[in-house]
1. If Lys and Arg each add +1 and Asp and Glu each add -1, what is the summed charge of the other residues whose beta carbon sits under 14 Å from the beta carbon of B:Glu20?
2. Within 10 Å of each residue's Cβ, count the other Cβ atoms and sort B:Trp83, B:Trp35 from fewest upward.
3. Using the alpha-carbon centroid of each, what span in Å lies between the range A:1-77 and the range B:9-84?
4. Sorting B:Val13, B:Val37 on the 10 Å Cβ count, fewest up front, what's the list?
5. When the dipole is taken about the Cα centre of the range A:1-107, and only Lys, Arg (+1) and Asp, Glu (-1) are charged at their Cβ, what size is it in debye, to the nearest 20?
6. Please report, for the Cα atoms of chain B, the Rg to one decimal and the Dmax as a whole number; what are they, in angstrom?
7. In terms of the ratio Rg/(2.2 N^0.38 Å) built on C-alpha atoms, what value belongs to the range A:59-118?
8. Just rank B:Asp8, B:Asp54, A:Asp88, fewest to most, by other beta-carbon atoms within 10 angstrom.
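FYI, it's all coordinate maths here, none of it is from the lab. Keep in mind that what you see is a predicted model, and the values were worked out from it rather than measured. Because the Cβ atoms are built from the backbone with ideal geometry, glycine has one as well, and the counts that use them run over all protein chains shown.
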Amino acid sequence: GAVVSQHPSWVICKSGTSVKIECRSLDFQATTMFWYRQFPKQSLMLMATSNEGSKATYEQGVEKDKFLINHASLTLSTLTVTSAHPEDSSFYICSARPPSPGGKNIQYFGAGTRLSVL
Amino acid sequence: AQSVTQPDIHITVSEGASLELRCNYSYGATPYLFWYVQSPGQGLQLLLKYFSGDTLVQGIKGFEAEFKRSQSSFNLRKPSVHWSDAAEYFCALTGTASKLTFGTGTRLQVTL
């Protein structure tokens, strides 16, 4: 159980275009999902927390107009990188958290999406 | 503020040898602690977690970790490492809020 699917696993796009990444919890309902960014050989940096049916909460320094997050259902959150530029190239990882108290703040992670902006 | 420190950036062990990865944390109360493993180009897999109770927790793939409050540590151990254990290991902490705070990771290399 507790499987999180992330799609696509790899995407290449031209500068100025937008890219959408999907994150799905396959066997549980996730009231909260998280989006992280990971630079090569570094740790994960939390970008935003996404709650179903409400606006995402962005971390300081993350441009909410550039990284649009939608959490329309209990099993799906999307991250759209708008007007992507080469500096947005990175590894993006989502996670999903089952409802507490049983979830106890456990996050289950997707396999990540490697974004390359040309 | 909460923080996690993994003092070792890179560790190399021989296959069959024992392993200990260090993790120290800073948090005002009893934290929830986790170890995750990441293979190259992949997401994170949960190895084990500590919430309360027995301070020695068992995880998947033969890993265990011990919570030591007096030392603010949560070190990961494995008695005999396999070549397939080569990966990046992250220690993480969360409190009453839902955010995970990650350490910087330790890259494990296994020599044959």
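1. Working: positive: B:Arg22, B:Lys68, B:Arg77, B:Lys78; negative: B:Asp8, B:Glu64, B:Glu66, B:Asp85.
The answer is 0.
2. Details: B:Trp83 12, B:Trp35 26.
Starting with the residue having the fewest Cβ neighbours, the order is B:Trp83, B:Trp35.
3. 26
4. Ordered from fewest to most neighbouring Cβ atoms within 10 Å, B:Val13, B:Val37 come out as B:Val13, B:Val37.
5. It comes to approximately 100 debye.
6. 13.4, 43
7. 1.31
8. Neighbour counts put them in this order, fewest first: B:Asp54, B:Asp8, A:Asp88.
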